[in-house]
Structure formats: C-alpha cells, structure tokens
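One structure below.
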C-alpha cells in the first residue's frame, strides 16, 4: 500500500513512517526539509495542483493533527483548517481510498476522570489552542466524510510516551509509540463504515481511562458495527 504521512518534522510522524515502511511504500511530507532516510516531498499543502500531485497514486493518507507549539496561533489554526481542508480536497479528487486523521484524547479531558469515556461521547474541547486545533481538524474531516467524498478514520491518541518513562509519570491515557504504530497499521487495513469511524487509542496502563478500539457504531444502530482490531501490548 502507498501511504502518505504528513508533518515529517514531528517525532511521532517519523516514528510512524519508519514503522509502516516495513510493509508499505511510505512518502513523507512537510513544508520544510527534514533529515530522514524515507522519501520526503516538501509541500505547504496549498489549494491547487501541487497538493494533487503530492497525493496522486496514494492509497491512504495519515495526517497528523499535532501542532508546532512554537508556531503562532494563526499558523497553528491555519494548518488545522486550511491545510487539512486542502489535503482532503486533493485526496478526494485523486481517489485516495482512506484518510486517517491523528487527533487527541485531550478532547475528552472535560469529563470526570472516574468515567469510562467511549467514542460515542461528544468531545468537550477547551479554548486551549492545542486542543481546539484537534477539534477543528476533526470537524473538517467530518464534513468531507458526511458528503461521502472520502472514507475517514479518526484516531484519538493518548499521551505519547517512550518506554523509558518512569512509571510515576504515566498518565491514565498514556500511549506508547509501538501501540500508536499498531493502531495506525490496523486502521489502514481494517474494514470501515465507508464514511467516518472514530477510535480512542491508548496503551494498557494502570487505571486506563479510555476503552480502546471499540466500534463507533453499536449493534443497536442502523449502521453496521466495525472493529479496529487494536489490542495494545500488555506490559509488566
């Protein structure tokens, strides 16, 4: 499968691309030059032919909603809204089969920590720019999916952590890099509803707050149920 991964300047994107490269043909993109052994194409994700050329021939796109905290608020919002819109538009025009948006479980932090929050609960975004950006990115994905322009999968990722992090620093929504890569690999190959599927993704940690890999639609819904098949590795 040919997969485009955005935001190559992000550690998460580089790790994901490296992991996927073992079984897929991976292309990275970023607006700046990035040092990596994988193919990278510079793009500002504008609205026009260059973005169409970037996605042409791709089977899937993994689009990171992560933002550069050093960027201005205007640039952060521009990336999430205009650039995500342009990427989806070009992907739909070029017949890309699947669009995976990497969102964040921080959208659900507004709920009581004692509640077992699932994908069926509505996001409670704050005005914090980093959180608001994920919400705006999801809304744009929803519109494209609602109009049946492209099949969209939203993965709300937990707090990314390395294996070396002290156990005392682990949050109730920690997500280790290998589990993040596994979830994305599953999202590339799993059956989906054909328009929009949302999954919460975190690792197995003490007092885990979120149920993971559950189908967004329940058996009671009109639409069929789809399961991601994500099973994070148990750690001692």
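Each reported figure results from applying straightforward, stated rules to the coordinates on display, with no laboratory input. These numbers come from a predicted model, not from an experiment.
Brief remarks on what is shown
- Of all the options 171, 72, 43, the one that moves most in a Gaussian network model of the chain with Cα springs shorter than 10 angstrom is 72.
- Residue with peak Gaussian network fluctuation, the chain [Cα springs, cutoff 10 Å], from 36, 212, 126: 36
- Between 0 and 90 degrees, the angle of helix 177-189 with respect to the longest Cα principal axis of the chain falls at about 60 degrees.
- The convex hull of the Cα atoms of the stretch 53-136, projected and averaged over all directions, covers 6.6 nm².
- Between 0 and 90°, nearest 10: helix 129-146 axis offset from the chain longest Cα axis: 70
- Top of 34, 152, 62 by mean-square fluctuation, Gaussian network on the chain, Cα under 10 Å: 34
- Along its three principal directions, the equivalent ellipsoid of the chain from the Cα gyration tensor extends over semi-axes of 26, 21, 18 Å, largest first.
- Cα long-axis angle, helix 84-93 against the chain (0 to 90 degrees, to the nearest 10): 60
- Between the stretch 11-32 and the stretch 180-203, the alpha-carbon center distance in angstrom: 17
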